[in-house]
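Before any comments, here is the structure.
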Amino acid sequence: MAFSRKRCLIVLCMAFLAIGYQENGIAAEKGLSEKPFDLTVGLSPRSFVEVDTEDIRVIVKTLMKVLLGKVWAGSHNILIYQEQSSMERDILARKVEIAMFLPDEFLGVKNRVPIEPVAIATRYKGIHDEIVILVRKESGIRSSVDLMNKRINIPRGLQAPLFQMWMETLFMKEGVSDSRDFFAALKTVNIPSQAILPVFFKQADACIVLRGAFDLVGELNPQITRELEILYSSSGVPAGIIGLRRDLSVEQRDSMKKILWSVHEEPEGKQIFTLFRISKLLPFRPEYLRSLEALQVEHQNLKLKLARGK
């Protein structure tokens with residue numbers, strides 16, 4: 001069963017958090033509360049794009065058993081939502097203690113649900129990544145105008161809505177109201193390498209991926225890095241955000257935060273984070289979302305401007 005590193009990251013963040021509470025002894029060593037409490041983790045609808053949710057439940061249970069194999073101190077539950085609205089209702093009804101969002105999802109609900117963002121994942125090159133448009137160096141494509149009637153590949157998955165928003169913003173600046181009609185073909189593929197390789201083999205003219213995916217493919221085949229170049233790049237795009245319900249007790253919130261900060265210190269945590277090119281989880285800071293907030297505002301303003309001009 002194949003699934004991307006980003007999808008795995010979301011599962012791992014939740015699994016590690018749950019694992020941390022499996023034995024009172026570990027909690028005591030870290031100075032955490034030994035009093036068990038029930039824990040329900042809610043994962044957004046986009047957490048498991050293209051992955052069967054029952055398979056993910058099995059993966060979570062397997063991780064919990066293989067990594068530590070210890071007895072759970074309190075009851076736990078993982079809820080995988082089909083609709084964002086259902087997740088919001090359960091948070092408001094106090095049925096979810098911990099919620100995992102993609103950054104753009106969190107910005108959309110932060111004023112509607114009582115969730116405090118407490119952790120953000122760091123990638124191997126830092127907290128942020130970039131969305132990039134790749135072309136062949138000898139293609140003659142030097143601007144967005146040159147992409148007219150060209151074949152573009154874009155991967156589906158967790159970041160697809162962000163790719164779409166950034167691409168629309170880029171082209172609206174050039175006066176293009178609907179970028180989908182701008183290209184000869186906009187093809188959606190399953191994984192980043194399926195977007196990048198056709199550009200390398202001249203089967204597509206450009207692709208939109210994360211810079212980290214381009215770097216990874218380039219590490220496996222340096223010729224790709226030599227023959228492709230970045231036409232445009234976005235400002236920083238953060239990874240997943242973990243939030244706690246605001247009305248949890250101080251003891252519960254502090255305990256869960258300490259577990260999050262210490263996941264990378266466990267041998268098992270280091271192995272998994274290395275495998276998926278994640279270094280650790282860091283305390284959330286509002287500035288980590290500033291660039292994404294600016295993109296959302298710019299996107300909305302440009303849409304309104306173009307709508308008024310019709």
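Among the numbered conditions (1) crowded, with 20+ Cβ neighbours inside 10 Å; (2) not in a helix (DSSP H, G or I), the only one that Val118 does not meet is (1). Does region 234-247 contain at least one residue that is hydroxyl-bearing (Ser, Thr, Tyr) and either without any contact (Cβ under 8 Å) to a residue 60 or more places away in the chain or outside any loop (DSSP other than H, G, I, E, B) (or both)? No, region 234-247 has no match at all.
Restricting region 238-291 to residues that are β-branched (Val, Ile, Thr) and surrounded by 15 or more Cβ atoms within 10 Å (Cβ to Cβ) leaves a set whose member that is modelled with the lowest pLDDT is Ile272. Looking at the structure I just gave you, is Ala160 modelled with pLDDT under 90 and either outside the structural domain of Glu287 (by TED's automatic domain parsing) or not charged (D, E, K, R) (or both)? Yes. Just one of the listed residues (Ile133, Ile91) is surrounded by 17 or more Cβ atoms within 10 Å (Cβ to Cβ) and more than 17 Å from Val209 (Cα to Cα), namely Ile91. Within region 137-157, none of the residues are surrounded by 18 or more Cβ atoms within 10 Å (Cβ to Cβ), under 15 Å from the mean Cα position of the chain (by Cα) and closer than 14 Å to Ser234 by Cβ. For region 92-111, filtering for residues that are under 24 Å from Glu168 (Cβ atoms), at pLDDT 90 or above and either hydroxyl-bearing (Ser, Thr, Tyr) or in a loop (DSSP other than H, G, I, E, B) (or both) leaves 2. Here region 166-209 is the region considered, the condition is being part of a loop (DSSP other than H, G, I, E, B) and within 24 Å of the chain's Cα centre (by Cα), and the residue that is nearest to Leu228 (Cα to Cα) is Ile191.
Filtering region 69-79 for residues that are within 19 Å of the chain's Cα centre (by Cα), at pLDDT 80 or above and assigned by TED's automatic domain parsing to the domain that holds Asp254 leaves an empty set. A search for C-beta distances below 6 Å between a residue of region 174-201 that is basic (Lys, Arg) and any residue that is surrounded by fewer than 18 Cβ atoms within 10 Å (Cβ to Cβ), counting only pairs 6+ apart in sequence or on different chains, returns Arg180/Leu186. Considering (1) surrounded by fewer than 21 Cβ atoms within 10 Å (Cβ to Cβ); (2) in a loop (DSSP other than H, G, I, E, B); (3) at pLDDT 85 or above, the lone condition that Gln223 does not fulfil carries the number (2).
The values are calculated or read from the model by the stated rules, or taken from the named source; none is laboratory data. Remember, it's a predicted structure, so these values are computed and weren't measured experimentally. Neighbour counts run over all protein chains shown; Cβ positions are idealised from the backbone, glycine included.
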